[in-house]
1. Is there any pair with a first residue in the stretch 44-56 that is touching a residue at least 12 places away in the same chain (Cβ under 8 Å) and a second that is assigned to a loop (DSSP other than H, G, I, E, B) and of a type outside the set (S, T, N, Q) whose Cβ atoms are under 6 Å apart and which are 6 or more apart or on different chains, and what are they?
2. Within the group 207, 161, which residue is within 20 Å of residue 98 (Cβ to Cβ), in contact (Cβ under 8 Å) with a residue 60 or more places away in the chain and surrounded by 15 or more Cβ atoms within 10 Å (Cβ to Cβ)?
3. Given the criteria closer than 22 Å to residue 157 by Cβ, exposed (fewer than 15 other Cβ atoms within 10 Å of the Cβ), of a type outside the set (Gly, Ala, Ser) and in the same structural domain as residue 251 (by TED's automatic domain parsing), does residue 100 qualify?
4. Determine the pairs where a residue that is closer than 12 Å to residue 86 by Cα, located within the stretch 237-253, has a partner that is of a type in the set (Phe, Trp, Tyr) and outside any loop (DSSP other than H, G, I, E, B) with Cβ atoms under 9 Å apart, the partner being 6 or more residues away or on another chain.
5. If you scan the stretch 29-44, which residues turn out to be out of contact with any Asp or Glu (no Cβ under 8 Å at 6 or more places or on another chain) and either surrounded by 17 or more Cβ atoms within 10 Å (Cβ to Cβ) or part of a helix (DSSP H, G or I) (or both)?
6. When only residues in the stretch 11-28 that are in contact with an Asp or Glu (Cβ under 9 Å, 6 or more places away or on another chain) and closer than 11 Å to residue 61 by Cβ count, which is surrounded by the fewest Cβ atoms within 10 Å (Cβ to Cβ)?
7. Those residues that are more than 23 Å from residue 7 (Cα to Cα) and assigned to a strand (DSSP E or B), I need them from the stretch 85-140; list them, please.
8. Given the criteria touching a residue at least 60 places away in the same chain (Cβ under 8 Å) and on the phi > 0 side of the Ramachandran plot, does residue 113 qualify?
Amino acid sequence: MSAIPLEDNFEDILGKALRGTGIADEVLSFLTAVPEETIAKLKDGELDEAALRKVASPLGLDAGTLVERARNSWRPDPVEIDGLRQFNTAYDDMMVNAYLVWDPASREAAMFDTGTDASGALALVDELGLKLTALYLTHTHIDHILDREAILAHSPGLPVLVNSLESPGEATRFQTGEAFSIGTLRVSTRLTKGHSPGGTTYVIHGLERPVAIVGDALFAQSMGGGMISYQDALATNRSEIFTLSDDTVVCPGHGPMTSVGEERAHNPFFPEFK
């Protein structure tokens, strides 16, 4: 299988920052002396490195890593951990992730989101002889829950869990801070809202490295759009994800897995860590 591409190009990052900050092109041009037509070209993906560096700071972005993304010169290290598997499935013209986590000792397992096709994850459950004990939802946007019925058909009565701030559907709601277990693995919950009202990061301890399943809160070298609140998205990422140890594996809803340490060094939305 070929490497999963990063979710966002530099123009996607630029667009998210522009929408999130509410800075109009003409204002950005005034602040940076970059012509509006050049800003328009940047937004369309036409790279002018000098101009890109100039517009980064007023948008709260780190210029060096934004240019790094434009050059496509970095990607996160591959992640291979016993007890963790990523599944990358197609949704219209994009891809979306789901994750299977299991305790190698007890063989208990849980799904985190469903993606659009859970058949690969369910086949691995059967192949490894795992017992699926729960389905955890990071948030309830359709691309992350689309194949829920297939998982429930495979494991009837399986509890489906979601933060109480999300639209629950037929899921059981929990409060931020509640903890769960998968065999001997510990699962804590952190509110990473902004992309959705109750977006939740699940932090799993007990595998060879800590694992944070973050949904659309954070991507490799980017983050989810602040559809509810851009400022909340930035703030909760800082307080709930970037406070985790550098070796924590970050499992995003789109794009490849990464780590807290790599995102500190390479994510343009968080210049203070550079």
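1. 51/34; 54/34; 55/34
2. Details: 161 fails: in contact (Cβ under 8 Å) with a residue 60 or more places away in the chain.
Sole residue among the options that is within 20 Å of residue 98 (Cβ to Cβ), in contact (Cβ under 8 Å) with a residue 60 or more places away in the chain and surrounded by 15 or more Cβ atoms within 10 Å (Cβ to Cβ): 207.
3. Numbers: closer than 22 Å to residue 157 by Cβ: yes; exposed (fewer than 15 other Cβ atoms within 10 Å of the Cβ): no; of a type outside the set (Gly, Ala, Ser): yes; in the same structural domain as residue 251 (by TED's automatic domain parsing): yes.
No; evaluated as a whole, the condition is false for this residue.
4. Listed pairs, sorted by first residue: 250/219; 251/99; 251/112; 251/202; 252/219; 253/219.
5. From the stretch 29-44, those out of contact with any Asp or Glu (no Cβ under 8 Å at 6 or more places or on another chain) are 30-35, 37; that's our starting set.
Of everything in the stretch 29-44, those that are out of contact with any Asp or Glu (no Cβ under 8 Å at 6 or more places or on another chain) and either surrounded by 17 or more Cβ atoms within 10 Å (Cβ to Cβ) or part of a helix (DSSP H, G or I) (or both) turn out to be 30, 31, 32, 34, 37.
6. 18
7. Those that are more than 23 Å from residue 7 (Cα to Cα) and assigned to a strand (DSSP E or B): 102, 108, 109, 110, 131, 132, 133, 134, 135.
8. Values: touching a residue at least 60 places away in the same chain (Cβ under 8 Å): yes; on the phi > 0 side of the Ramachandran plot: yes.
In short, yes.
The values are calculated or read from the model by the stated rules, or taken from the named source; none is laboratory data. Remember, predicted model here, so these are calculated numbers, not experimental data. For neighbour counting, all protein chains shown are included, and Cβ atoms are generated from backbone atoms with ideal geometry for every residue, glycine included.
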